[in-house]
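Novice: Before I ask anything, here is the structure I am working with.
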Amino acid sequence: MSRTSDTSDVGSDVTPDVLVVGGGIIGLVTAWRAAQRGFATAVLDPEPGGGAAQVAAGMLAAVTELHYGEETLLGLNLASARRYPEFTAELTELTGQDLGYRRCGTLAVALDADDRAHLRELHALQRQSGLRSEWLSGRECRRLEPMLAPGVRGGLRVDGDHQIDPRRLAAALVTACERTGVAFHRVRAERLTVVRDRATGVVTSDGTVLSAGQVVLAAGSLSGRLAGVPAEVLPPVRPVKGQVLRLTVPVRYAPFLSRTVRAVVRGSHVYLVPRENGELVVGATSEELGWDTTVTAGGVYELLRDAHELVPGITELPLTETRAGLRPGSPDNAPLLGPTALDGLLLATGHYRNGVLLTPVTGDALAHALTTGELPEEARPFSPRRFTAALTEQPA
């Protein structure tokens, strides 16, 4: 026997057109944009605004994040980056909240000959892809950022990269959803309900049956664990652990850094993201350890060691927070967006390291898919059906 959840907010007595499973930034932006399209929308999550965004650094680095073999993803990243100024302005106007959006740029530096060669290759790939970046000598890098180590051998200046505070973004998206009439059910989804080959809602952890016209699974790294989802449409996402540090720059040291600084040190990526409020975010490890979110002494040591090689003065700063979160990784490190082979079920997950960057374009793409049944052209390469097709084509 079904019953109405007593853990929901206003509007819970109405069967929603759209039920979003997951209240991280991806689920929230999907719900907000759906509500703006006129859909009665609900979000199911014990802690809306939580998730990986509480750990993420918030780099909007479409140019610097370019990797070989990910040119298709680059197009989506750039499309989302272009939306960010208008997106943040709209969100701030609606909520009155400052999102910490800064057009500060990135400086990617090299500490040895191998790193320098790698950066040169990245610069060539960026230019080949029509992206703007400038090669700097070590001396020019230190002129931009005097706190850099004397051993910096060169770097890439990318003024088109920006940043945002993901925690502020998440809080603003919760407010935006509330102000557009989105209902919140603060419980977990346990099982998808399927009737006559169509997704019709979910059963929650307290036994409540919630029905909806369409269901969007946007639960980050947990998206593949929802019971009741047919195997052929179950999203192939895995948790990838990332440890991150937060430090505070005392007034006497300010300005410590004026832009994001990043490098590859002994094969590991490290970045330092300065906030206007004096916070400095240092990250991040990348660990395939299942569901473990332990902050380890080794992880903290490695991050501080690598950051110290870039910016020796970092060891003088107060360490204020250590956190670990789980990125939702997909087999090709690209998101799964839009309708699945099961009618009524859409996905918005698998964003891996680009969840914050892809927030604006994901909201737009899912709103379009919920309205038309199809993804917009820029998002079509990221349909979940790319994995469904691969499964069906395998020999028995």
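The values are calculated or read from the model by the stated rules, or taken from the named source; none is laboratory data. Owing to the predicted nature of the structure, the values given are computational and were not obtained by experimental measurement. All Cβ positions, even for glycine, are placed from backbone atoms using ideal geometry, and neighbour counts span all protein chains on display.
Novice: Of (1) surrounded by 18 or more Cβ atoms within 10 Å (Cβ to Cβ); (2) in a loop (DSSP other than H, G, I, E, B), LEU210 satisfies all except one. Which?
Specialist: With respect to (1) surrounded by 18 or more Cβ atoms within 10 Å (Cβ to Cβ); (2) in a loop (DSSP other than H, G, I, E, B), LEU210 is out only on (2).
Novice: Within segment 103-113, is even one residue more than 24 Å from LEU280 (Cα to Cα), modelled with pLDDT under 95 and not assigned by TED's automatic domain parsing to the domain that holds LEU66?
Specialist: yes
Novice: Let me ask something else about it. Please go through segment 103-137 and pick out each residue that is among the hydroxyl-bearing types (Ser, Thr, Tyr), outside any loop (DSSP other than H, G, I, E, B) and either free of Cβ contacts under 8 Å to residues at least 12 places away in the same chain or out of contact with any Asp or Glu (no Cβ under 7 Å at 6 or more places or on another chain) (or both).
Specialist: Within segment 103-137, just SER137 meets the criteria.
Novice: Could you tell me which residue of segment 138-197 is farthest from the chain's Cα centre (by Cα), considering only residues that are assigned to a strand (DSSP E or B) and without any contact (Cβ under 8 Å) to a residue 40 or more places away in the chain? Let's see the steps before the verdict.
Specialist: Looking only at segment 138-197, we keep the residues that are assigned to a strand (DSSP E or B), and these are 154-158, 162-163, 183-185, 189-194.
The next check asks that each one be without any contact (Cβ under 8 Å) to a residue 40 or more places away in the chain; those that pass are 190-191, 193.
Values: GLU190: 24, ARG191: 25, THR193: 28 Å.
The qualifying residue farthest from the chain's Cα centre (by Cα) is THR193.
Novice: For the list (1) outside the structural domain of ARG225 (by TED's automatic domain parsing); (2) assigned to a helix (DSSP H, G or I); (3) touching a Lys or Arg at 6+ places or on another chain (Cβ under 6 Å), I need the number of the one condition that PRO360 fails.
Specialist: So the condition that PRO360 fails would be (1).
Novice: May I ask you to list pairs of residues, at least six apart or on different chains, whose Cβ atoms are under 7 Å apart, with the first in segment 262-278 being over 22 Å from ARG153 (Cα atoms) and the second being surrounded by 14 or more Cβ atoms within 10 Å (Cβ to Cβ) and among the basic types (Lys, Arg)?
Specialist: What qualifies is GLU276/ARG102.
Novice: Kindly indicate which of LEU91, LEU44, LEU78 is crowded, with 24+ Cβ neighbours inside 10 Å and touching a residue at least 12 places away in the same chain (Cβ under 8 Å).
Specialist: So the residue among LEU91, LEU44, LEU78 that is crowded, with 24+ Cβ neighbours inside 10 Å and touching a residue at least 12 places away in the same chain (Cβ under 8 Å) is LEU44.
Novice: Are any residues in segment 276-327 buried (at least 20 other Cβ atoms within 10 Å of the Cβ), within 16 Å of GLY58 (Cα to Cα) and out of contact with any strand residue (DSSP E or B) (no Cβ under 6 Å at 6 or more places or on another chain), and if so, which ones?
Specialist: Hits for segment 276-327: nothing passes.
Novice: Select from segment 54-75 the residues that are in a loop (DSSP other than H, G, I, E, B) and acidic (Asp, Glu) and write down the one among them that is surrounded by the fewest Cβ atoms within 10 Å (Cβ to Cβ).
Specialist: GLU70
Novice: From TYR84, TYR101, which residue is surrounded by fewer than 24 Cβ atoms within 10 Å (Cβ to Cβ) and under 14 Å from the mean Cα position of the chain (by Cα)? Let's see the steps before the verdict.
Specialist: Numbers: TYR101 fails: under 14 Å from the mean Cα position of the chain (by Cα).
Answer to the check: TYR84.
Rundown of residues vs (1) in contact with a Phe, Trp or Tyr (Cβ under 8 Å, 6 or more places away or on another chain); (2) in the same structural domain as ASP112 (by TED's automatic domain parsing), yes/no style:
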residue: LEU304; (1), (2): no, yes
residue: GLU316; (1), (2): yes, yes
residue: ALA348; (1), (2): no, no
residue: LEU370; (1), (2): yes, no
residue: PRO381; (1), (2): no, no
